[in-house]
Structure formats: structure tokens, C-alpha cells
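I have placed the structure first, in the form of C-alpha cells, so that the comments after it can refer back to it.
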Amino acid sequence: MTRMQRGARGAAAAVFLIIVFVVVPLAIGEAHRADLYYTLSSVALLSIASAGVWLTFYIGRINIGQGAFSLVGGYVSAILVTTYGVSFWLSLPIAGLFCALASVFIGLPILRLRGVYFAMVTLVLTEVARLSALALSITHGARGVTDIPAPGAIRLFGLTIVPAFNTFAERNAAYYFLSVTLMVLCFGGLWRLVNSRIGRLFAALRQNEDLASSMGLNVPALRILAYAISSFLGGVGGAIFAAIAQSIYPSSFTVTDSVNFMLNCFLGGLGYVFGPMLGTLVLYFGWDLLFSTGEYQLLIYSGVMILLILLLPNGLLSLRLPTRRGG
Amino acid sequence: MSPILQVKNLTKRYGGLTAVNDVSFDVEPNEILSIIGPNGAGKSTIFKLISSFVAPTRGKVTFNGEVISGLAPHTVARKGVVRTFQETTIFKGMTARDSVIVAHHLRSRASLFGFYFGSARARRDEEEFGRSSDEILDFLGLGAVKYETASNLPQGHLRALGIAIGLAANPKVLLLDEPFAGMNADETSRAVQMVRAVRGRGVTLLLVEHDMAAVMKISDRIVVINFGVKIAEGTPAQIRADEKVIEAYLGVEDETIGL
Amino acid sequence: MEQVIANGLYLGAQYALIALGLTLIFALMNVLNFAHGQMYVIGGFVTYEVYGLLHLPFVVALIASALTLAVIGGLIERFLFRTVIKRSEREESTMLLAAGVAYFLDAAILLLFGAKQRGVHKIVNGVLILDNLILPWDRIVVAGLAIVFIVAFILMMQFTKPGRAMRALAQDRVAAQLMGVPVEFYGLIGFALGAMLAGLVGGLLVTITGVNSGMGGPISIKAFMMVMIGGAGVVGGAIAGGFILGMLESVGLTVLQAYGDITYLVIFVALMIFLAVRPNGLMGKPWG
């Protein structure tokens, strides 16, 4: 990559960060649309989960089970905070790690499958998660976990780095900054992953598993690594969701959500790291905007979706010039 | 010198079909050994068995005295037995250079974390692999096209790339699957030179081939398989005179089999 | 105990018919028809309208359901799937299209038929009592019809020209083309046929369990499970999968009742373990 290209990328990143952290809050303040904080937080956390699905696509698998991990992550965080008094900030990575670990066990048998077979099994996963949430006592069945307190403060050496969320005048703004920061970290990390050696190993294995094996790449282990990272992201997304909604139910993440995550990736373009972000934004706002059509909302939404797939079978970002690689 | 690779009573059955039947032979270090036989004789299956992409029904394969049959294919590759593929299997979306760099992975000393965070060791590895890839690519005559996307390369280059990828994995034994297939006389002699040069680097070469002329020219020894059974083994001169081999190829034009 | 088995059998027969439709579409077009459940629901509603509201004979209602779905299936294949399959390099596109179609049909169903649960009168009244078995006649008739359709389907696939063409297509598309089989035409027929089967089951089952607009999704998932158990793309597998799921449901609901609603959870987990051991199901095409 030339210095000029690197400069351009750095500039683009800087612009993006400024927009997200400065321009958007100012604009919302000016327009008195504080409700948008909630919407954008949702977009951010959903894009994190979608990023996980994107990574599974990157190793050549169609993952329609991310909803399961989001649900599990949400519950882990919720239960830790409500029942065990753990701080939200600690519960967040624990939720992610729990999902990653669970995905290792699940992935061991199923990652051998490919294509439609793998997709079908992951579809089942989402239902399993939902039914488990209903059946287990620790998750309070259909009642779900409610009254989850807002995240507390982060204090280090007596200094308050992040104030407790309920001290904010506009609490949704706090959630916005939380989600967006995590989103930036997530996509930044993913971008780095894809452009590193590990990313190339993943790409190799997606393109030709046999050849990758023949050169000594431990294909099963690499697949599980990717799947674990993917599920980690799903869990984190779910945990943020639980914190924002301050509740979580077995129906919080369903098969529809799993399919939506996949849609987000697809719409944004599977070849681009930032695709899920764009896709989530477009689909979420698209759905929201159609709210005014009342009972025709789903009809129009799915109609447009079908049209888009007919016209752009390779995703939204495929509209760009095909000279770039890796977003 | 003890054999570097030993195939002992190797048998593979698929349901009712016996693809490979009680085949045994040794491979000496740094030799070029070719496995030949009529189509469908089971040669490719033997390759798959040796590189452990398929597990034997009976029998075993040992490498430097250690049993490798039944291990995971990447493990066998790591031990030093590397195979290339028919039909020029490559990483379609990557450049030639990148493919060869990835194939160096086995040699890396940095951990995956190191690669992610760009540790010093990882960066040194990357540089080293880049240099090594360039060397291998030049060695095989691909220097000019190394930044081309693999899918854009013509047949001949793709074969060479397959070998480059194999070499990058630092093999002690390299299995070449029909390296001369579909080549004209010119290309074949260049390929023969290439294979000899690879042997010159200390690699032991195992070939599966149909092109009899090339096989006769290049091999130290030859194993002949027909209907999954080994029917002959020996130097090119011995094979040429072997009646069973002539019989197996009966009906095939003399020219084609170079006898 | 026998009661449980009997219930399992009727359920199995119906499920097998659903699974057959799904497997047919998968075998011919490599498409997982996410909308299969919705097609079932449409079949149910059409029968409800024709038999329940218009009071026409049940057979007419069934034919109406079958035809409606055949047309819908054909249109979907011709205008949607065929286009996407031609233009896209990735498998995911057809899957997403299937998801989009499922959502669309869900929305359409809600708009056209409303949200209420609907049912119709039993087609046959009365109950057959054998020893200590209680077998409602209508269930027997429905299961019987399902079996008749399954057999008809198998015979058709085995002995008729279209059936053979479709089997060739399922085995090897390119080879079939080379043999002169008009693959696009038979892809269309196959899809329509698959949809029709879903619609038929819907029509049959509305007489027993009723129908409502939300059933589509869960039924699709059940259909996928059957196909996963039995193996995708294989007729025998679909039938086996259907019966096995029917049995498991019946047994589970009775035996596990004490533990609450965990029948499906248990089935799912067992399925995942099963797939870990036999990823292609009982008889599936090797994939992966």
C-alpha cells in the first residue's frame, strides 16, 4: 500500500470518527431528536453482531445462528448484573467469552458441514437458544430478566473515567457513545484481522480448504477460531442490547434476527469489512421508515428486499468500482 | 540409506470397489519415483493415501519410520510430506506471490497473536517469507508474474505455481500430481528441468503421471499400478522391458508410451 | 403407549409429505425453500375459504389449495429464483431470496387472511376404537390421504417421464442437459410440485389443527429438521425424516410432559448431536 493510499485511509477513518462522535451528537442536539440516540445505538450493536456473521462468511460458511449467541450473551450479562451484582463492564467481556467458548463446542462438530447444511444447523441453533431460555430456571423462563440497572461508573485509581449511566441527563446519549465506541473497536479490530496474516489464512481456507490443508494449515482449528470470534461479537452485541433495553426475554433474538444479521452483511457486500455496518444502517432505517405504512410494512420491506436481491445479487457495495479489495 | 517413505500393504476399499489393493513400495531419499498406470488404476488414490487426505482400509504409510497414514492432512504436511493437486488447484482470488507467502505459514515462528498485533517476530517472518517466496517464484520462472492474480495465469504457469506453493511448505517429500498433463513437448522439457532442479534442492519427489516419455526421462525408479495392484517396480530400463507392463498398456500406440 | 405410536404415525405421514416438498425443491435447485411453511399456511387458508366458508366439497378445496400453491411456486421459480441463480456467484443470494420470499408471503398472508386462528369442520366424524386405542376417523382419513399422495409422488418420480427427468436433473444438472432434458422447464415443475405438496398438507391439516398466519416460520423450521434428519435431496430420507420427527414429537410430548415445554429443546439437541456424527443425515447426498 502506497503512502498516499495509507494517508487517504487514515483521513477517511478520521472523518468517520468525527462524524460519529461529534457531528451526530451535535446534530441530534440541534434537531432535538434525542430518540435517534436509541435508534443509532441499536444500529451499532446490531452491526457488531452482523460483523460476526461477516467473519463466518469470510471463512466460507453461511451463518444463520448469530441470534443464538446474541441471546446467550444478553442473558449472561443480564444474569451476572442482576443476580450476582457483577458490574456491567465486567459482564460484557465475560458474555463474549462465554459465547466464544460455547461456540468452540458447537463448532467442533458442525464446522465440517458446508453450504446449505451448515446454514440449516445454525438455523436450528437460534431456536435451541430461545427454547433453552424458556426452559431453564436461571433465565426465569418466559418472564425474562428485567429491571437490569444501567451500567455503573468505571473508576480507576479514584478517578471516574466513565460516570454511572443514570447520572446522565440524556441517558440514551450515554448508550449511544457506548455502542458506537464498541462498534468502532469491533470494526477496527476486524479490519486489522482481515489484513493480517491471519486474515490471509482465513481467505486461503475459504478459497480452497484442501490446498490449505496440504500446505499445513490446521483448517479445523482456524475455522473454530473464526467462529469463536464471530460468536464473541454476537455475545457482545447481545450484552449491549440487554443493557440498553434493560431487560431480556427469550424472544429478544429470534430466527428473524439471525436472518437479518445475514441480510445486513449481504446488503453491505460480503467482500467488504465495513459492509455489515452499512447494511445494518440501511436495513434498520429502511424498516423504521416504513413504519408509517402500517400493516404493509413487512410487505413493502420484503418486496424491496426481493427487488434488491434480483438487481444486486452481490450486495449493495458491489455498486462500487471493482478495483478495491478488503474494504 | 533407509527409505524416507514406506508404503506397506496399502489397501483402500470404497464400498464394494477396491481402489488400491495391497500395494507396497519404498521411496529412497532424494530420488524421483514415478507411479504410472492406465487410467483409473488407482494412482491418485495412492497419492491421497500417502498425503493422508484419505485413510487406508488396511496397511500403512510411514515417513522416516513414523506412521503418517490416518493423521490429519495438515499434520502430515507439517511433517514434511506435501502434495500438489491435479487440475491446478489454486487460490483463485490471491496473487501468485501471496499464495506462496501463505504457504510459508508452516515455517513461521511468530504466534497468531503476534501476527495480529504485528509483533517484531511476525514482521520478520513476513519479510523472510516475502524473500523466500520471491526466490522460489524466480526459481520456477514465475518472477515476472508474481503480482498477477492466480486465476489470470495460463496453464503452464499455474502448474509451476502449484509446485511453488508445494515448495514453500518446505517439504521433504513432494507429491506431484500429473505435473506434465496437457503440456506440449517444449513445456514438458521445461517442466522436467524444473522437477530436476527441485530434486537438486534436496527434496524427494513422488510423481503420478501419464506422460510416459517424460516419466522415462526423469525418474530414478518407477512403480506401475494396474487395477489397484502393483504390477512392476524398477528403473526405467527394467520397466521398459517388463512384460506385464507392456501387456497392461497393450493396445496403446507405441508412440504414446514411448517404448 | 400404542396411542403414542398411533399419534406419531399420523403426524409422521403428514410431516413426510411436507418434507418431500422441501427435499424436492432442494434436490432440483439447491435452494432451501424458507417459504415452505408459508406455503403450507396458504394451503390451509385456501381450504378454509373453499371448504369452510364456501362449503364446497373437501376434495374441491384440496384441489384448490394444490393448484394455488402450484401456481405460486411456479411464479416464484420462474421470475425470482431463476433470475437470481443465473446472475449470482454466491449461494447466499438464493438463500436470502428464499428468506425474502418467506417474509413477503408472511406479510401477504396476514393481509389477505387476517390474524385469527381458523379451523374447519372435521371431514369425517366419529372415532374408531381398537382395544385401548382411540383413533379419530378424520385423522385416519387425513393420514391415509397423505400416504396416498406420498405413494403417488414416488410412483410419479419413478415411472413417469417428468419424474425421470426430474431425477436426472437432481442427480447431475449438466449431464441431464447433455441428455436433452429441458432443465429449466423441469426446475419450474419441480418447484411448483414441491410447493403444491406443502399446500396439500396445509389443506389436509387445517381440518385437524386449524391454521393461523403465524405458523409459517415454525413449520419451515420443522421441515428443515426433517430434511436434516433424513438427509437432504433424497426422497427416502425425507419420508424417514418426516416419520421420525412425527414419532419424536409424539413420544416427547407425552413422556416429557412432566418437565415442561422441553420436548423441542431435547429434539434439537439430539439432532445436533446426531448431525455431528452423521452430518448428511440418514441418507443424504454427501455435502461438506
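When you scan the range C:15-34, do you find a residue that is surrounded by 17 or more Cβ atoms within 10 Å (Cβ to Cβ) and on the phi > 0 side of the Ramachandran plot, even just one? Taking every residue of the range C:15-34 in turn, at least one turns out to be surrounded by 17 or more Cβ atoms within 10 Å (Cβ to Cβ) and on the phi > 0 side of the Ramachandran plot. Of all residues in the range A:268-327, those that are modelled with pLDDT of 85 or more, outside any helix (DSSP H, G or I) and within 11 Å of chain C (Cβ to nearest Cβ) total 0.
When we screen A:94, A:28, A:79 for residues that are modelled with pLDDT under 90, of a type outside the set (Gly, Ala, Ser) and part of a helix (DSSP H, G or I), the only hit is A:28.
Within the range A:99-146, being at pLDDT below 85, closer than 30 Å to residue A:218 by Cβ, in a loop (DSSP other than H, G, I, E, B) and not basic (Lys, Arg) holds for one residue alone: A:113. Filter the range A:137-152 for residues that are under 24 Å from residue A:87 (Cβ atoms) and aliphatic (A, V, I, L, M); which is surrounded by the fewest Cβ atoms within 10 Å (Cβ to Cβ)? The residue in question is A:138.
So that you can scan it fast, the table gives a plain yes or no per residue for (1) away from chain A (no Cβ under 14 Å); (2) not basic (Lys, Arg):
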position	(1), (2)
C:90	no, no
C:98	no, yes
C:113	no, yes
C:128	yes, yes
C:142	yes, yes
C:158	yes, yes
C:162	yes, yes
C:178	yes, yes
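Sub-7 Å Cβ pairs linking a first residue in the range C:216-232 that is more than 14 Å from residue C:278 (Cβ to Cβ) to a second residue that is of a type in the set (A, V, I, L, M, F, W, C) and not in a helix (DSSP H, G or I), at least 6 apart or interchain, are C:220/C:34, ordered by first then second residue.
Residue by residue, here is whether (1) β-branched (Val, Ile, Thr); (2) under 23 Å from residue C:243 (Cβ atoms) holds:
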| position | (1), (2) |
| --- | --- |
| C:102 | no, no |
| C:106 | no, no |
| C:111 | no, no |
| C:117 | no, no |
| C:128 | no, yes |
| C:134 | yes, yes |
| C:147 | yes, yes |
| C:157 | no, yes |
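Only one of the listed residues (A:232, A:261) is within 12 Å of another protein chain (Cβ to nearest Cβ), modelled with pLDDT of 90 or more and either touching a helix residue (DSSP H, G or I) at 6+ places or on another chain (Cβ under 6 Å) or farther than 24 Å from residue A:124 by Cα (or both). That residue is A:261. Test residue B:65 against the criterion of being in contact (Cβ under 8 Å) with a residue 60 or more places away in the chain, surrounded by 16 or more Cβ atoms within 10 Å (Cβ to Cβ) and more than 9 Å from every other protein chain (Cβ to nearest Cβ), and give yes or no. Criteria not met by residue B:65. Listed by position, the helices (runs of 4 or more DSSP H) contained in the range B:47-155 that have at least 2 residues being at pLDDT below 80 are B:112-117, B:120-139.
Can you tell me which residue in the range A:58-76 is nearest to residue A:202 (Cα to Cα), limited to those that are part of a helix (DSSP H, G or I) and among the polar types (S, T, N, Q)? That would be A:66. Report whether or not residue A:102 is in contact (Cβ under 8 Å) with a residue 40 or more places away in the chain, within 14 Å of chain C (Cβ to nearest Cβ) and hydrophobic (A, V, I, L, M, F, W, C). Answer is yes for this residue. Scanning the range A:156-178 for residues that are free of Cβ contacts under 8 Å to residues at least 40 places away in the same chain, closer than 17 Å to residue A:90 by Cα and of a type outside the set (A, V, I, L, M, F, W, C) yields A:160, A:163. Looking at C:71, C:120, C:84, C:124, can you tell me which residue is within 14 Å of chain A (Cβ to nearest Cβ) and touching a helix residue (DSSP H, G or I) at 6+ places or on another chain (Cβ under 9 Å)? Testing whether each residue is within 14 Å of chain A (Cβ to nearest Cβ) and touching a helix residue (DSSP H, G or I) at 6+ places or on another chain (Cβ under 9 Å) leaves just C:84. Within the range C:99-112, residues that are within 16 Å of residue A:119 (Cβ to Cβ) sit with their Cβ atoms under 6 Å from residues that are surrounded by fewer than 23 Cβ atoms within 10 Å (Cβ to Cβ) and among the polar types (S, T, N, Q), at 6+ positions apart or across chains, in these pairs: C:100/A:302. The single residue among A:216, A:237 that is of a type in the set (Gly, Ala, Ser), crowded, with 23+ Cβ neighbours inside 10 Å and over 23 Å from the mean Cα position of the chain (by Cα) turns out to be A:216. Listed by first and then second residue, the pairs with beta-carbon distance under 7 Å, at least 6 apart or on different chains, first residue in the range B:216-237 and at positive phi, second crowded, with 18+ Cβ neighbours inside 10 Å and of a type outside the set (D, E, K, R), are B:227/B:41; B:228/B:19; B:228/B:20; B:228/B:21; B:228/B:41; B:228/B:42; B:234/B:222. Checked against the criterion of being in contact with an Asp or Glu (Cβ under 9 Å, 6 or more places away or on another chain), assigned to a helix (DSSP H, G or I) and not small (Gly, Ala, Ser), the range B:21-33 contains not a single residue that satisfies it. The residue of the range C:58-68 that is farthest from the other protein chains (Cβ to nearest Cβ), among those that are touching a Phe, Trp or Tyr at 6+ places or on another chain (Cβ under 9 Å) and not β-branched (Val, Ile, Thr), is C:58.
The values are calculated or read from the model by the stated rules, or taken from the named source; none is laboratory data. Small disclaimer: the values here were computed from a predicted structure and weren't measured. As a convention, Cβ positions derive from the backbone with ideal geometry for all residues, glycine included, and neighbour counts pool all protein chains shown.
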